[in-house]
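**Q** I'd like to ask some things about the structure below.
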Amino acid sequence: MKFEKVALPYASDALEPVISKTTTEYHYGKHYQAYIDNLNKLIAGTKFENADLETIVKESEGGVFNNAGQALNHALYFTSFKPNGGGLPTGQLAEAIDRSFGSFDKFKEEFSAAGATLFGSGWVWLAKDADGNLSIEKESNAGNPLTKGLTPIFAFDVWEHAYYLDYQNRRADHLKEVWNIIDWDAVGSRY
Ligand code: MN
């Protein structure tokens, strides 16, 4: 299988001022593309050549895992936003957040704190277990909760490439703004 990037569902400047056009152009156009290109090169002629992305993430390690993980993580990340997003989740996801965290505000507080305190590069995930319970999973580097048998719902990308051009070292300030661009309909459809 020859992997490609997911289409960006908004213009590259549509998430300004939360995420600048320059950051989206580098992040989507260069970083994400490099993971896709590396993955396609690494799996050519291997047992993963015709596997789907989720299977590769679950069963690989080393360089294949790093690039497959980042290919999957960025596909979920870039399709979680829309201009003038934010607000509150609805439906089953909203109910599950209340059930698992007490309230949306409590979830938001815990998720933001997890993103601000993750050391180094990685991802903070909202993940679902087989019973529909939600948890916050801190993952280093290319990590994805799929490897723990959980379903990934939503993530903050806390690699510096996601925010450094716009916020420099102020990761917490970036994450605080990201809540204003979340497309809860898109995210909720994964629950
Ligand atoms: Mn990234």
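**Q** Quick check: net charge around Leu88, other residues with Cβ under 14 Å of its Cβ, Lys/Arg +1 and Asp/Glu -1? Numbers along the way, then the final one.
**A** On the way: positive: Lys106, Lys108; negative: Glu95, Asp98, Asp105, Asp183, Asp185.
Charge balance in the 14 Å sphere: -3.
**Q** To continue, here is another question. Compute the separation of the alpha-carbon centres of region 50-107 and region 154-173 and state it in Å as a whole number.
**A** Here the answer is 17 Å between Cα centres.
**Q** By per-residue mean of other Cβ atoms within 10 Å, what is the highest-first order of 171-179, 69-77?
**A** Per-residue Cβ counts within 10 Å, averaged per peptide and sorted highest first, yield 69-77, 171-179.
**Q** In terms of the ratio Rg/(2.2 N^0.38 Å) built on C-alpha atoms, what value belongs to region 32-116?
**A** 1.44
**Q** Looking at the calculated P(r) for the chain, what percent of the C-alpha pair distances fall above 19 Å? Let's see the in-between values first.
**A** Details: 10555 of 18145 pairs.
For the chain, the share of Cα pairs beyond 19 Å comes to 58 percent.
**Q** Spelling out what I want: for every residue of region 6-15, take phi, set θ = phi - 60°, compute 6.51 cos²θ - 1.76 cosθ + 1.60 (Karplus), and round to whole Hz; glycine and proline get x.
**A** Values per residue, Gly and Pro as x: 5, 5, 6, x, 7, 5, 5, 9, 6, 9 Hz.
**Q** Given +1 on the Cβ of Lys and Arg, -1 on the Cβ of Asp and Glu, and no further charges, what dipole in debye does the chain carry about its Cα centre, rounded to the nearest 20?
**A** 200
**Q** In addition: Residue by residue through region 51-57, what is 3J(HN,Hα) from phi via Karplus (6.51 cos²θ - 1.76 cosθ + 1.60, θ = phi - 60°)? Round to whole Hz and write x for glycine and proline.
**A** Per-residue couplings from phi come out as 7, 7, 4, 4, 5, 4, 4 Hz.
**Q** Carbon-plus-sulfur fraction of the accessible area of the chain, 1.4 Å probe, in percent?
**A** C and S atoms contribute 48 percent here.
**Q** Calculate, for region 91-189, the solvent-accessible area per residue in square angstrom, rolling a 1.4 angstrom probe over the heavy atoms of the protein chains. Don't jump to the answer; show the numbers that get you there.
**A** Values: 4460 Å² over 99 residues.
Spelled out: the 1.4 Å probe surface of region 91-189, per residue, equals 45 Å².
**Q** Using +1 on the beta carbon of Lys and Arg, -1 on that of Asp and Glu, and nothing else charged, what's the dipole of region 21-78 about the Cα centre, debye to 20?
**A** Values: 5 positive and 7 negative charges, 38 e Å.
For this selection, approximately 180 debye.
**Q** Then there's this: Taking the solvent-accessible surface of protein heavy atoms with a 1.4 Å probe, what is the per residue accessible area of region 38-89 in Å²?
**A** With all protein chains present, region 38-89 gives 47 Å² per residue.
The values are calculated or read from the model by the stated rules, or taken from the named source; none is laboratory data. What you see is a predicted model; the values in this text were computed from it and never measured. As a convention, Cβ positions derive from the backbone with ideal geometry for all residues, glycine included, and neighbour counts pool all protein chains shown. Keep in mind that these areas ignore ligands, DNA and RNA; they rest on the heavy atoms of the full protein, side chains included. Shrake-Rupley method; radii C 1.70, N 1.55, O 1.52, S 1.80 Å.
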